[in-house]
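**Q** Once you've had a glance at the structure underneath, I'll fire off some questions.
The values are calculated or read from the model by the stated rules, or taken from the named source; none is laboratory data. The structure presented is a predicted model; accordingly, all values stated were derived computationally and were not measured. Positions of Cβ are generated from backbone atoms using ideal geometry, with glycine treated the same way; all protein chains shown enter the neighbour counts.
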Amino acid sequence: MADDIIEVKPEIAATAHIDAAKLAAMVAAEARDAEAFWRTEMGRVAWMKEPTKIKSVDFTGDVSIKWFEDGVLNASVSCLDRHLARRGDQVAIIWEGDDPNSDAKVTYRELHKRVCKLANAMRRLGVKKGDRVCIYLPMIVEAAVAMLACARVGAIHSIVFGGFSPDSLSSRIQDSECTLLITADEGRRGGRKVPLKANADEALLTCPSIRHVVVAKNTGGAVEMMAGRDHWWDAITSGEGETCEPEPMSSEDPLFILYTSGSTGKPKGVLHTTGGYMVWASFTHENVFDYRDGEIYWCTADVGWVTGHTYIVYGPLANGATTLMFEGVPSWPDNGRFWQVCAKHKVNIFYTAPTAIRALMRDGEAPVRKHDRSSLRILGSVGEPINPEAWLWYYRVVGDERCPIVDTWWQTETGGILISPLPGAVAQKPGSATLPLPGVKPALVDNDGNLLEGATEGNLVMLDAWPGMMRTIYGDHARFGQTYFSTFKGMYFTGDGARRDADGYYWITGRVDDVINVAGHRMGTAEVESALVAHPAVAEAAVVGMPHEIKGQGIYAYVTLKAGVDSTEALRKELVAWVRKEIGPIATPDAIQWAPGLPKTRSGKIMRRILRKIAANETEGLGDTSTLADPGVVQELIDNKVG
Ligand code: PRX
């Protein structure tokens, strides 16, 4: 099954932006003269001053990545102003609420107005170019307005997913010293309320850099407002003008910071700049989804993740698309919700995560078949490997074998899609992200950094830069070089492993570091461990991913209690609740095993390889355990495995 090939459909190739011949020509043109290629593509965004320098990249030494560096632009102008003449009355955002009876449509003209008003209010609050603004909002139109208003005034936004705890919010605000926080009274998800303002109040007890808080009224729930610090969105924007001078930004001025998990330490502030990111967002959105004027495009991600940044807001709006923003969840009020929304808004392009597909698959075909999906043209997948079974179900049941599936591989760091089929040009294989986009130079290397040729498996690296890649870790350029460019000298290391088949297709096998991917949410095992050891009963903890039928990976924690503490069921529940409170519900451990001891080398290093195998029930081939300080602990852990 995994080796099925779904050929490009002639009727799709005939009208697609890019067919096989055009793709070959693009790849050849890029290879011949990359600068000329990107000089043409940079015309996708509106420049105040056209760049003359295209690319300046060094993956060695201090690592420096610059694209279009002498260009000047403002991202909000590319997303709004330049569309007004031709599509002012076109819907820019369709908002579909958590409650199936609430929705809204916002035209480009209206969105422009709302962005300008907020941008003016932000300036009045003292926000200047380069200041950091934290956004902690649910999936409401205000989230897009806030992002674009930041871009308008040159402030760097840092969005924190609304599911994160006060502690997680606070540490992200502190790291980039944000001066303004934009939040809402409450969010809604699956019929429940999320206390965003109350969480923010708690977080702000430890955030001295925040001077003002703007609060959008969403549910109307009661919140406390601190005089002088907190302002209602409507109150501070109502008197503001409907136009706002965009801040001229150099191409390499930052657009946003987005925190993401790594294998060690606290989350890193991935920094993206303006020109290259916008070109990449537009280029990939148009070509990967074969987006055509007038189509309704829906990406189900949350703006708190990079997918929401690039493929709900910046890419679609740069391309003058109609983008759908969904506040709810796939399973509420029932598990036909996605397809009901597709029918209601006549969605043409639908982009979601494998975990959602796997969860819906469990409920069979009826909830899908009940709704009219004839508007669908292209389906997309992102965030984790999609197993062939889920791929084929998505293809057969959701897309009626009519819609190509683009399995898009990328990362917070890459800014946009790097490996994906183009619907009119590349035959699909269920489970493979297929081939790199023009301008993307993947390679596989062994653990010593030797390039591997042909059909093989190894560590996935990129040999050269593309315009949308991250530029640094906010406030820690040394860590940037260390994290991404030191494992394999002169190459960007993705942290993923991959297989390449005889057709050159890439099959992502998952992370090769201590990052896990739980229901498409990226998490550092170290973060969960430090949350656990912060509990007074815990002496030591080791966290690994375990295979999970729906989430892809689940969180498996081995916990060593302090002497004298009883390993009770009540304590197990308490620790699960503790981690949820410390990080957020996405970090909820799926299993906690009491571990009187952990397998360690004689130098004290925890052997995670062994812990991963035990959690996965793969205890046959545990490999060499003779270097362990106490080999006896392994059998003890196997005997007491939970689940
Ligand atoms: O392991 C890869 C997996 O998600 C990681 C990136 O996570 P994040 O930065 O949160 O971005 C997610 C959305 C782009 C990658 O290192 N991943 C992402 N897309 C795929 C994938 N694994 C396999 N196939 C994909 N299509």
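**Q** Sort out which residues of the range 554-575 are touching a residue at least 40 places away in the same chain (Cβ under 8 Å) and not hydrophobic (A, V, I, L, M, F, W, C), and write them in order of number.
**A** Of everything in the range 554-575, those that are touching a residue at least 40 places away in the same chain (Cβ under 8 Å) and not hydrophobic (A, V, I, L, M, F, W, C) turn out to be Tyr556, Tyr558.
**Q** Still on this structure, I have one more. Go through the range 33-60 and report how many residues are outside any helix (DSSP H, G or I), touching a residue at least 12 places away in the same chain (Cβ under 8 Å) and farther than 28 Å from Cys116 by Cα.
**A** Count: 8.
**Q** What about Ala203, is it of a type outside the set (Ser, Thr, Tyr), under 25 Å from Cys116 (Cα atoms) and surrounded by 20 or more Cβ atoms within 10 Å (Cβ to Cβ)?
**A** The answer is no for Ala203.
**Q** Looking only at the range 175-216, how many residues end up being within 26 Å of the chain's Cα centre (by Cα) and not in a helix (DSSP H, G or I)?
**A** Going through the range 175-216 one residue at a time, the tally reaches 26.
**Q** Can I ask one more? Checking the condition over 15 Å from Gly490 (Cα atoms), crowded, with 24+ Cβ neighbours inside 10 Å and at pLDDT 95 or above, which residue from Pro430, Pro421 passes?
**A** Pro421
**Q** Restricting to the range 454-503, name every residue that is within 16 Å of the ligand (Cβ to nearest atom) and more than 25 Å from Phe256 (Cα to Cα).
**A** Glu457, Gly458, Asn459, Leu460, Thr487, Phe488, Gly497, Ala498, Arg499, Arg500, Asp501
**Q** Six or more apart or on different chains, Cβ under 7 Å: which pairs go from a residue in the range 211-231 that's farther than 18 Å from Ile140 by Cβ to one that's among the basic types (Lys, Arg)? Could you list them?
**A** His212/Arg229
**Q** Sticking with this structure for a sec: Mind listing just one residue for me: the one in the range 168-202 that is touching a Lys or Arg at 6+ places or on another chain (Cβ under 9 Å) and of a type in the set (A, V, I, L, M, F, W, C) and, of those, farthest from Asp99 (Cα to Cα)?
**A** Cys178
**Q** For the range 415-433, what are the residues that are more than 10 Å from the ligand (Cβ to nearest atom) and outside any loop (DSSP other than H, G, I, E, B)?
**A** Result: Gln428, single match.
**Q** Identify the single condition in (1) surrounded by 22 or more Cβ atoms within 10 Å (Cβ to Cβ); (2) of a type outside the set (Ser, Thr, Tyr); (3) under 27 Å from Lys113 (Cα atoms) that Trp232 does not satisfy, given that it satisfies every other one.
**A** Of the numbered conditions (1) surrounded by 22 or more Cβ atoms within 10 Å (Cβ to Cβ); (2) of a type outside the set (Ser, Thr, Tyr); (3) under 27 Å from Lys113 (Cα atoms), the odd one out for Trp232 is (1).
**Q** Moving to a separate point now. Please go through the range 174-210 and pick out each residue that is within 18 Å of Pro138 (Cα to Cα) and polar (S, T, N, Q).
**A** Once the filter is applied, which keeps residues that are within 18 Å of Pro138 (Cα to Cα) and polar (S, T, N, Q), the range 174-210 yields Thr183, Asn199.
**Q** Something else: So which of Ala534, Ala519 ends up being closer than 22 Å to Val160 by Cβ, within 16 Å of the ligand (Cβ to nearest atom) and small (Gly, Ala, Ser)?
**A** One residue alone meets the criteria, Ala519.
**Q** Is it the case that some residue within the range 441-452 is in a strand (DSSP E or B), on the phi > 0 side of the Ramachandran plot and within 16 Å of the ligand (Cβ to nearest atom)?
**A** Taking every residue of the range 441-452 in turn, none turns out to be in a strand (DSSP E or B), on the phi > 0 side of the Ramachandran plot and within 16 Å of the ligand (Cβ to nearest atom).
**Q** Also, quick follow-up: In the range 1-38, how many are of a type outside the set (Ser, Thr, Tyr) and out of contact with any helix residue (DSSP H, G or I) (no Cβ under 8 Å at 6 or more places or on another chain)?
**A** Number satisfying all stated conditions: 21.
**Q** For the range 299-336, how many residues are crowded, with 23+ Cβ neighbours inside 10 Å, aromatic (Phe, Trp, Tyr) and away from the ligand (no atom under 16 Å from the Cβ)?
**A** Total meeting the criteria: 1.
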